[in-house]
Amino acid sequence: MTTDPLSGKRVGVIGFARQGKALARWLPTTGASVVVADSKPADALKLDPADYPGVAFLLGGDVTGFLDGLDLLCLSGGVPLDLPLVQAAVAHGIPLTNDAQLFLERCPAPVIGITGSAGKTTTTTLVGLMVKQGDWTTWVGGNIGDVLLDVLAQIEPSHRVVMELSSFQLEIMTVSPPIAAITNITPNHLDRHGTMDVYTRAKVQILLHQTPNDVAILNRDDPGAASLADAIGGDLAWFSAGSIVADGAFLAGQRIVVTGVSSPDGDAHVVCERADIQLRGAHNVQNVLAACAIAGAAGVAPEAMRATIRDFRGVPHRLENVRTLDDVLYVNDSIATAPERVVAALRSYDEPLVLLAGGRDKKLDWEPMIALALQKARRIIAFGEAGEIVVHTVRKLGANEALLTRVTTLEQAVAAARQAAQPGDVVLLSPGGTSYDAYVDFAARGEHFRQLVQSL
């Protein structure tokens, strides 16, 4: 049995959430000595150290001696690089890594990596289903689903892995998957990265370490992604709803076509009709095109793509129909944690809308989204911390404030929407801000919205 390079090393982990817990489970199997630091106490983390034999914990903010003798430091996704403890590690020459990098360095199967500002989860899910439809044993995870280190021991060379990667993971990575895709680059997470340049530099890491034998897939219709073409070191495929491409996937009239490196024989093949896509919105056409370009580059046949597209009904919390009550459709789009995602949601409906917007701001520009919402929505209901930004922006645009309702909680927002909605309307939870003012994540916010709507 091969000895892991971490055997006998002292490895630190900062952050004991989903990724930190997976690292605490997996690292001891390599023979490493492991110490975990988290600012929260054990009771807040619901931690029983007995569940992690051989792992030492420094909790509650006391990190005395944490860096002593450390050979490697693993960061959970929520840990910023400017954290003083991380900065001290860098100053001491301690290399940084994370669960995604450790997985990629060891995975015996080909890996498809997908990132982007929006659409990456839908695209990743679609690609995983297409690859599975192509008769490969398929593992999907990373920033969604399983932390793939948990299943690394079960993965065989003949399998395929589809991995969603976030900017938080990519910013410190020095390895790229052999098939790597960027769905788009638009403003997001500026509360973490500070500037678009820093954010883009994090995203492009998914491409920078590829070899000449690898394949990158970019969105020709998105200026942010298209501008990264010069960073490609191997083959380049595109996806586009607006132009024909020689390699990748494109929309030809009302048909989705794959060609070049995304085609089984290099020739153009029709995958399906646009009408076969079961998801609302032009952004979901882009997601399907991306999935076809990526899956085709991985060897998936058009027939497997077609079957997947026709059966796919979407991912929870993404324009998810919750209930129709009194001829009013209630839609959960809690994943919309940036104004740009709300714009895509608003453009997906011709029906009159009651928009629930708010949450916590990520230092992004809300004005274009609010301007579109004022055109599309019968009523805007502002909730949470960012509700004040919504109110301020409506006033700045000189709009009729009678269109606006300000509440505090999501429960109050749903009640107000129930009163405001008329038959034929769509009540759309598409907040534009994160959930962290009131919930642990967007999924918890979406689940609460479901419960509130079902109880009406």
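All of the numbers you see were taken from the coordinates with simple rules; none came from a lab. Keep in mind that this is a model prediction, so the values were computed, not measured. Virtual Cβ from ideal backbone geometry, glycine too; neighbours counted across all protein chains shown.
Only aspartates and glutamates eight or more places from Lys46 in sequence, or on another chain, were considered; those with a Cα closer than 13 Å are Asp38. Projected over every direction and averaged, the convex hull enclosing the alpha-carbon atoms of the range 208-363 yields 11.1 nm².
For Val34, the residues whose amide H sits under 5 Å from its own are Val11, Ala56, ignoring neighbours fewer than 5 places away on the same chain, with H placed 1.01 Å from N. Dividing the mean sequence gap of close Cα pairs (under 8 Å, 6+ apart) by how many residues the range 96-204 holds gives a relative contact order of 40 percent.
In the frame of its principal axes, the range 384-445 has Cα extents of 34, 31, 15 Å, reported largest first. Relative contact order, whole percent, for the chain stands at 11, derived from Cα pairs under 8 Å and 6 or more residues apart.
Under unit Cβ charges (Lys, Arg +1; Asp, Glu -1), what dipole magnitude, rounded to 20 debye, does the chain have relative to its Cα centre?
680
Subtracting the Cα-Cα distance of Ala252 and Ala282 from 0.36 nm times their residue separation leaves 9.3 nm of extension gain. Note on the range 104-218: percent of Cα-Cα distances in each 5 Å bin, starting at 0 and stopping at the bin with the largest distance, equals 2, 12, 23, 25, 21, 11, 5, 2, 0. With coordinates expressed along the principal axes, the C-alpha atoms belonging to the range 223-265 extend over 31, 26, 9 Å, beginning with the largest.
With the simple spin-label model, which puts each label point 7 Å out from Cα in the Cβ direction, the Asp191 to Asp135 separation comes to 4.8 nm. Be a star and scan the range 186-221 for residues whose amide nitrogen sits under 20 Å from the point 7 Å along the Cα-to-Cβ vector of Asp230. Of the residues in the range 186-221, 186, 196-212, 216-221 have backbone N under 20 Å from the label point off Asp230.
Rg/Rh for the chain (Cα atoms only, Rh after Kirkwood) is 0.98.
Give me the percent of Cα-Cα pairs in the range 322-456 that sit more than 24 Å apart, rounded to a whole number. Provide the component values of the computation, followed by the final result.
Values: 1486 of 9045 pairs.
Every Cα pair in the range 322-456 considered, those over 24 Å come to 16 percent.
Computed from the C-beta positions of Ile244 and Ala44, the FRET efficiency with R₀ = 56 Å rounds to 0.55.
As a rough guide to protection, the peptides 415-422, 331-338 ranked by mean Cβ packing within 10 Å, highest first, stand as 331-338, 415-422. Among the trypsin sites (Lys or Arg not before Pro) found in the range 254-333, those both in a DSSP coil and sparsely packed, with 10 or fewer other Cβ atoms within 10 Å of their Cβ, are Arg313.
Structure note, pairs Lys132/Lys376; Lys9/Lys132; Lys21/Lys132; Lys40/Lys132; Lys9/Lys203: Cα-Cα distances above 32 angstrom occur for Lys132/Lys376; Lys9/Lys132; Lys40/Lys132.
Short to long, the 5 Å bins of the Cα pair-distance histogram for the range 1-150 hold 2, 8, 17, 20, 18, 14, 11, 7, 3, 1, 0 percent of all pairs. Scanning the chain for long hydrophobic helices, with DSSP H runs required to stretch 20 angstrom or more by C-alpha along their axis and to average at least -1.0 on the Kyte-Doolittle scale, returns 282-297.
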